Amino acid sequence: MTLFEALLSARGRELLTRLAGLAGQGVPPAGELRLAAALRAEFPASLVAGALAQHELRLRARGKFRLAMEMFFTRAGLEQASSEAVARYRAARYAGARRVADLCCGIGGDLIALAEGRRAVALDRDPLHLRMAAANTEVYGVAAGVATVLSDVRDADLAGIDAAFVDPARRTGQRRLRAGDSEPPLDWCLGLAGRVGRVGIKAAPGIARGAAPPGWELEFIAIGRDLKEAVLWSPALATGPARATILPAGHTLTSGTPGPVAVRMPGEFLLDPNPAVTRAGLVVDLARMTGTWKIDARIAFLSADTPVLTPFARTLRVIDSAPWKQKQLPAKLRALDIGVVDIRRRGLAGDVTELHRRLKLSGSRRATLVMTRVRNLPWCLVCLDVEEPTGIPG
């Protein structure tokens with residue numbers, strides 16, 4: 001905490017500002033040593049070390065926060081923090097709430113979004129994270145509506161709070177907890193709904209779909225095709241049992257009317273659903289929405305005879321479809337003029353790295369090689385990307 005306060009001082013901020021000016025210059029390792037030595041001639045060595053560490057974290061955080069070069073982080077706090085895009089999307093679910101509690105606020109990534117246009121109370125038992133959260137709300141201009149409380153969230157007084165968000169820790173010290181475990185435990189987090197009503201709980205994307213109690217919604221959020229996290233929404237905020245959301249556009253898919261989907265041989269096009277869709281268990285819903293069919297009852301690929309463009313799946317054109325015969329694969333790909341392949345495996349065992357090594361291709365085209373199952377038979381599909389126009393409807 002003493003070092004952090006030193007970084008907040010006029011000299012600390014001067015040093016961080018100077019380092020920020022070098023952010024786009026790509027200082028090589030040898031140059032970093034010379035830079036550190038030069039800075040130690042002007043500033044205390046401990047302040048230089050702390051500023052360099054903070055500068056490194058700021059550089060790493062630029063993919064998450066647009067004002068990262070002005071914010072403050074710890075390594076663990078940055079790793080657990082949601083990106084600004086996810087936090088802003090999620091905070092919109094709290095429309096109408098007047099006073100929101102951010103429990104286990106960490107460095108304040110969600111707090112910044114939650115505090116826009118409403119009062120927010122930030123609680124954390126880590127004094128350094130709590131102080132950083134307060135400083136980061138100042139960076140985004142929302143500090144006036146924020147109160148901070150140093151407390152274990154299980155001891156928190158939630159009187160006057162009408163909504164809560166909790167991001168339970170998934171690490172203890174340097175050790176990552178087992179999938180599904182957190183501190184506080186999920187059961188405690190779920191119990192908040194009996195005290196506050198409107199509750200959102202951040203979870204790892206590997207959370208079991210059965211973890212959401214009846215009446216709750218389990219939402220999986222991806223940025224592009226990168227699955228980021230899951231959120232459990234209490235009945236007061238839920239819109240249905242499952243949801244898949246694709247940012248930055250905010251396309252969202254929910255479970256619809258149940259019913260069977262045909263299982264047929266692959267057609268001319270293959271749809272590879274977004275990971276958020278597969279984790280949310282909405283592949284069948286996507287099939288019904290797009291008028292496509294499954295190629296295997298247990299595999300999350302869909303197919304069509306005409307191109308289907310949707311934000312919820314990558315669409316590929318099938319140029320070869322046949323049972324999996326690995327020994328014949330190099331000759332087949334050479335005949336198709338394939339020089340580079342991205343291997344997509346689902347439902348079929350195999351060493352992708354070793355397969356890449358053995359193919360030894362030299363053609364002019366790039367393709368996606370799909371290792372999968374069709375009607376429970378090992379299958380191979382060679383596919384090309386379908387050009388997607390901008391503004392795909394959601």
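A few remarks follow.
- Annotation: K360 fulfils all but one of (1) touching a Pro at 6+ places or on another chain (Cβ under 8 Å); (2) surrounded by 15 or more Cβ atoms within 10 Å (Cβ to Cβ); (3) not small (G, A, S); the unmet one is (2).
- Selection count where residues are in contact with a strand residue (DSSP E or B) (Cβ under 6 Å, 6 or more places away or on another chain) and not in a loop (DSSP other than H, G, I, E, B), scope the stretch 181-201: 8
- Number of the condition not met by A230 [criteria: (1) touching a Leu at 6+ places or on another chain (Cβ under 9 Å); (2) in a loop (DSSP other than H, G, I, E, B); (3) more than 24 Å from V382 (Cα to Cα)]: (2)
- Each residue in the stretch 333-348 was checked for being part of a helix (DSSP H, G or I) and surrounded by 15 or more Cβ atoms within 10 Å (Cβ to Cβ), and 2 pass.
- Just one of the numbered conditions (1) modelled with pLDDT of 95 or more; (2) surrounded by fewer than 18 Cβ atoms within 10 Å (Cβ to Cβ) is not true of P260: (1).
Here's the yes/no breakdown for (1) under 28 Å from V261 (Cα atoms); (2) not basic (K, R):
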site	(1), (2)
V284	yes, yes
A287	yes, yes
K327	no, no
L355	no, yes
V382	yes, yes
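- Of the candidates Y89, Y94, the single residue that is within 24 Å of L192 (Cβ to Cβ) and either loosely packed, with under 13 Cβ neighbours inside 10 Å or under 19 Å from the mean Cα position of the chain (by Cα) (or both) is Y89.
- When residues of the stretch 344-370 are limited to those that are of a type in the set (A, V, I, L, M) and modelled with pLDDT under 95, the one nearest to the chain's Cα centre (by Cα): V352
- Test: residue in the stretch 315-322 that is surrounded by fewer than 23 Cβ atoms within 10 Å (Cβ to Cβ), in contact with a helix residue (DSSP H, G or I) (Cβ under 7 Å, 6 or more places away or on another chain) and not in a loop (DSSP other than H, G, I, E, B): yes
- Taking the criterion of being within 25 Å of the chain's Cα centre (by Cα) and not in a helix (DSSP H, G or I), the residues of the stretch 287-309 that qualify are I299, A300, F301, L302, L309.
- Residue check for G250: surrounded by fewer than 20 Cβ atoms within 10 Å (Cβ to Cβ) and either of a type in the set (A, V, I, L, M, F, W, C) or modelled with pLDDT under 95 (or both): no
- Of all residues in the stretch 122-169 being within 10 Å of I112 (Cα to Cα) and β-branched (V, I, T), the one that is surrounded by the most Cβ atoms within 10 Å (Cβ to Cβ): T137
The values are calculated or read from the model by the stated rules, or taken from the named source; none is laboratory data. Just so we're clear, the structure is a prediction, and the values are computed from it rather than from any experiment. Positions of Cβ are generated from backbone atoms using ideal geometry, with glycine treated the same way; all protein chains shown enter the neighbour counts.
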